[in-house]
Every structure is written in structure tokens, then in C-alpha cells.
Amino acid sequence: MYGDRARIGFIIPSNNTVLEAECAHYLPEGVSAHFSRISTDRTFSVEEARNIESRHIRAVEQLEGAFIDLIAYACMASAIAVNPGWAEEFVSKVEEKTGLPAVAVSTATAEALHSLGANRIAIGVTYPESMNPILNEYCAHHGLEAVRIVNMRVTDKREICRLPVSSIVELGRQADCPDADAIALLATDIRALPASAPLEAELGKPVVTSNGALLWAALGAAGIADSIPGAGRLLESVARTPAHPASK
């Protein structure tokens, strides 16, 4: 307990109240989660998402003081809004600065989808439609095709984290289409991880969430391959090695 096996440092937006709860519920015994916040505005916008990423260096420095074993960047919108390859650049800079392994949620999500054999995906997001061109660029960069995007259009960040699991399940249902190999529920401040297993049982295809993919990647980087029951097939599997290059 208390991080005897691994201590993971997460960088999250200041509004995010979901990832901490999901880490407490789903991380295996002996793995602890530690958090550093970057300030954000109350209302979501593409421009604000692009500005968040400039604040991550201080967050990294704060986490170093907790003697963590690796760093995980947990803001999906900012990770893809700057440019499609920003996450790879971030990981490289953090690893060079700290000497620690690092993962980013956007890259982790793409790797997780490929590990499950998915190339054509249906996306469910809380973001407004202004993010859709960015989502398509993100998919193309990582060798994925977005065959459908469904937007909930929730811009008040206080409301995003309060959406019940039932609403996220319905989002997954609406996003699904016959051409999709998998469903991707993207954002780290939505209660999507508890929705993944029920949706997989109902739809008969993999469901990857931002938080689930980030935990999968972080645990893999820490060398921990525990199966996590009830978290969907990605985390129930003990395989942690990406099966496909994350980007072209």
C-alpha cells in the first residue's frame, strides 16, 4: 500500500474531479496516485485548451517533490489542441528534464485502441463541434479514422464532471455505428470508466476511455500488469504493450 509498488504523478486541469476518484477506485493495491493541477477557465474553448499546455512545466516540478516513479499528463483537450504531435514532444521534454518515464493521455488512448485491434472508431465527447476538426487531425496522426463523432456540447466545466454514468452510457450508444471497430469516450473529467464494461456488454465491441487508457499506459510504464475487474476489457487484460505505433 501507499505506493510500495509504484507512485504515479498525474498532471490534471484544475477543474478535474473525476480522475482522482477513478484512480482511488481502480488502481491496484500498492500503486498510489499523486496530483498536480494546472489552472483552467470555467468555460471550455479550443483557445483555452491550447493555452493550458504552457503551464505544465510548473506542474511537473511540483510532482518531482513527491518522489514519484513516472508522470502522466491527463488533459485530453490540451494534448490534442496544440498540434497532433504535442504529446510526444511533451513526453520527450519531461523525460529529459526529470529522468522519469512519462505518458500522455492522447498517445495512450491511441495506443490502447490499436492494442484492441481498432482502427475505425466512433467518438463520444462532451466538447462542442469546434473540436471535431482537431479530433479528426488527432486520429489521422495516430493512424485512426473517426467514422462518427457525437458531441454533448457541454462547455461549463462544473457540469461536465457531474454528468451521471447513465449519461455517458447513452453517449456511447449514440456514438456507436456499424462501421466502428471500437467506441472512444474522450475527456478525463467525465465518468466514463464505469460506463465501459456495461457498454462493451451491450454493444459487443471495445470501449476505450481517456482515463482507462491513461491508467493502462501508466501501469504499463511502471511494469504492473494486474488485471482490473469491472474496468472494461482494456484494463481487465494483463497485456500492457502497445500493439501498434502510436503515430505515423
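With respect to Ser78, determine if the residue is in a helix (DSSP H, G or I), in contact (Cβ under 8 Å) with a residue 24 or more places away in the chain and more than 15 Å from Val208 (Cβ to Cβ). So Ser78 passes the test.
Considering the stretch 12-24, the residues that are assigned to a helix (DSSP H, G or I) and touching a residue at least 60 places away in the same chain (Cβ under 8 Å) include one that is surrounded by the most Cβ atoms within 10 Å (Cβ to Cβ), namely Leu19. The number of residues in the stretch 91-138 being within 14 Å of the chain's Cα centre (by Cα) and assigned to a helix (DSSP H, G or I) comes to 11.
Filtered by the rule that a residue be over 18 Å from Leu199 (Cα atoms) and surrounded by fewer than 22 Cβ atoms within 10 Å (Cβ to Cβ), the stretch 116-134 gives Asn119, Pro128, Glu129, Ser130, Asn132, Pro133, Ile134.
Quick grid of which residues meet (1) assigned to a loop (DSSP other than H, G, I, E, B); (2) aliphatic (A, V, I, L, M); (3) modelled with pLDDT of 85 or more; (4) not assigned by TED's automatic domain parsing to the domain that holds Pro128:
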{"site": "Met1", "(1), (2), (3), (4)": "yes, yes, no, yes"}
{"site": "Phe10", "(1), (2), (3), (4)": "no, no, yes, yes"}
{"site": "Arg37", "(1), (2), (3), (4)": "no, no, yes, yes"}
{"site": "Asp41", "(1), (2), (3), (4)": "yes, no, no, yes"}
{"site": "Glu53", "(1), (2), (3), (4)": "no, no, no, yes"}
{"site": "Ile57", "(1), (2), (3), (4)": "no, yes, no, yes"}
{"site": "Gln62", "(1), (2), (3), (4)": "no, no, yes, yes"}
{"site": "Phe67", "(1), (2), (3), (4)": "yes, no, yes, yes"}
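Go through Ala175, Ala182, Ala187, Ala146 for me and flag whichever is closer than 19 Å to Trp216 by Cα and at pLDDT 95 or above. Within the list Ala175, Ala182, Ala187, Ala146, the selection yields Ala182. Does Ile160 fit the bill of being aliphatic (A, V, I, L, M), modelled with pLDDT under 95 and not assigned by TED's automatic domain parsing to the domain that holds Ala87? The answer is yes for Ile160.
The values are calculated or read from the model by the stated rules, or taken from the named source; none is laboratory data. On a predicted model such as this, the values are computed, not experimentally measured, just so you know. Glycine also receives a Cβ, built like all others from the backbone with ideal geometry; neighbour counts cover every protein chain displayed.
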